[in-house]
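Notes follow once the structure below has been shown.
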Amino acid sequence: MKRLSVFNQTEHSGQFNMTSMIDIVFLLIIFFMLICQFIVQENYTVDVPDEITQAYTPDAINANAITLSVYRNPDNEDHILYAVKAKRYDPQSKQYRNSPPTLFLDMAQEIKTIRQKKQTGLIHLRADKSIAYHYVHKAMIALSQAGIPSVQIAALKNKQQ
Amino acid sequence: MSILTKIKKCRAKKKSKSVALQIRMISMIDVVFLLLIYFLLTSNFRAKEGYLPISLPEENQQTTTTRMVEPLDVTVTSITDGQCEITLGEGDIIFIDNDFGKLINALKEIVTTHGRNASDPIKLKPAPQSQWHHVVQTYDALWESNMTNIIFSISQ
């Protein structure tokens with residue numbers, strides 16, 4: 001007759017040792033927090049022109065650059081909007097509908113103000129590739145009115161997937 | 001060893017066991033996963049963009065420079081998606097269908113046949129309804145041909 005082992009103190013219960021998983025999860029979080037470069041609110045969805053071979057890709061994003069965006073309204077693709085950094089300008093709004101030149105004067109003034117604060121003259125022009133040129137031309141007029149002599153057009157070197 | 005002595009030994013072992021500190025990790029794992037999910041959902045990744053420099057005329061520029069060389073007018077007109085027409089100067093019309101290599105070849109020909117230099121000014125005049133993509137690709141083709149003295153005509 002087999003003796004039952006009364007003194008077998010080790011009870012095998014199913015237990016997951018979570019310590020290693022927590023280490024890995026923390027490492028992942030730290031990795032994402034270090035590599036992410038947050039762009040405050042001006043990251044509008046813009047399909048910039050692609051397959052531009054001469055586009056120069058800088059190593060790091062210049063935080064002092066002023067971004068001027070010309071993009072399609074996500075709710076209505078026929079409606080074109082402008083933005084100077086995070087500030088939006090709507091040509092169809094009550095304020096600008098009756099007086100279109102005021103829109104570009106306001107944009108030029110905003111650019112001048114930001115330029116004085118940041119003491120930078122670097123402008124990034126991000127325009128959707130499918131937009132008609134005359135919309136971008138108006139943004140260029142605003143830049144010219146703000147006294148900006150040089151602008152960088154945002155483009156992708158490779159084909160956008 | 002008798003059964004009784006064995007039992008006594010086990011009880012002694014139990015008594016002498018020090019109480020181990022246990023930290024309950026379950027709540028922390030919940031919080032960590034919530035943080036991860038939050039960052040995954042809110043992060044909006046964008047492809048790293050490159051830049052093409054352009055120069056604009058300044059407003060109220062009263063000085064007029066007399067140029068020895070007339071700027072070459074390059075007109076861009078979009079026809080359909082992917083197709084556009086580029087007019088070089090007064091005559092040469094190039095039809096582009098997603099391949100701007102033709103433009104580069106035509107520009108090289110102009111440099112050799114018309115006696116122009118790569119540093120001579122070029123005036124880029126896109127049609128108002130032309131696609132921005134075609135305008136930038138034309139600009140890119142000009143840069144690739146080392147023609148970097150490009151002016152965008154600004155008119156209100």
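Binning the C-alpha pair distances of the range B:72-152 at 10 Å intervals from 0 yields a P(r) profile of 19, 60, 20, 1 %, listed from the shortest bin outward. Footprinting exposure proxy ranking of A:110, B:90, B:70, fewest other C-beta atoms within 10 angstrom first, gives B:90, B:70, A:110.
Counting DSSP beta bridges with both partners in chain A, what percentage is antiparallel, nearest 5?
55
Calculate for chain A the 222 nm mean residue ellipticity that helices alone would give, adding -39,500 (n - 2.57) per DSSP H run of length 4 or more and normalising by residue count, nearest 500 deg cm²/dmol.
Helices in chain A give a 222 nm mean residue ellipticity of -10500 deg cm²/dmol.
Based on C-alpha pairs under 8 angstrom that are at least 6 apart in sequence, chain A has a relative contact order of 29 percent.
Whole Å is fine, so just give me how far the alpha carbon centre of the range B:66-133 lies from that of the range A:41-102. That distance is 27 Å. Antiparallel beta bridges, as assigned by DSSP with both residues in the range A:66-153, represent about 55 percent of the total such bridges.
In the elastic network of chain A, a GNM with C-alpha springs shorter than 10 Å, the most mobile of A:52, A:66, A:80 is A:52.
Between rounded, prolate and oblate, where does the range A:46-97 land on the alpha carbon gyration tensor, with a ≥ b ≥ c its root eigenvalues, rounded for a/c under 1.5, else prolate if a/b exceeds b/c? Verdict is oblate for the range A:46-97. Computed from Cα positions, the angle between helix A:100-118 and the longest principal axis of chain A comes to roughly 60 degrees. Take every DSSP beta bridge whose two residues both sit in the range B:72-152; close to 60 percent of them are antiparallel. Of the residues A:97, A:72, the one with the fewest other Cβ atoms within 10 Å heads the list, and the complete ranking is A:97, A:72. Quick one: grab the alpha carbon gyration tensor of the range A:61-159, order the square roots of its eigenvalues as a ≥ b ≥ c, and give me rounded if a/c is under 1.5, else prolate or oblate depending on whether a/b is larger than b/c. Note, shape of the range A:61-159 comes out oblate.
Readers should treat all values here as calculations from the given coordinates under stated rules, not as data from a laboratory. Because the structure is predicted, anything quoted here is derived from the model rather than measured. Every residue, glycine as well, gets a Cβ built from its backbone with ideal geometry; the counts of neighbours run over all protein chains shown.
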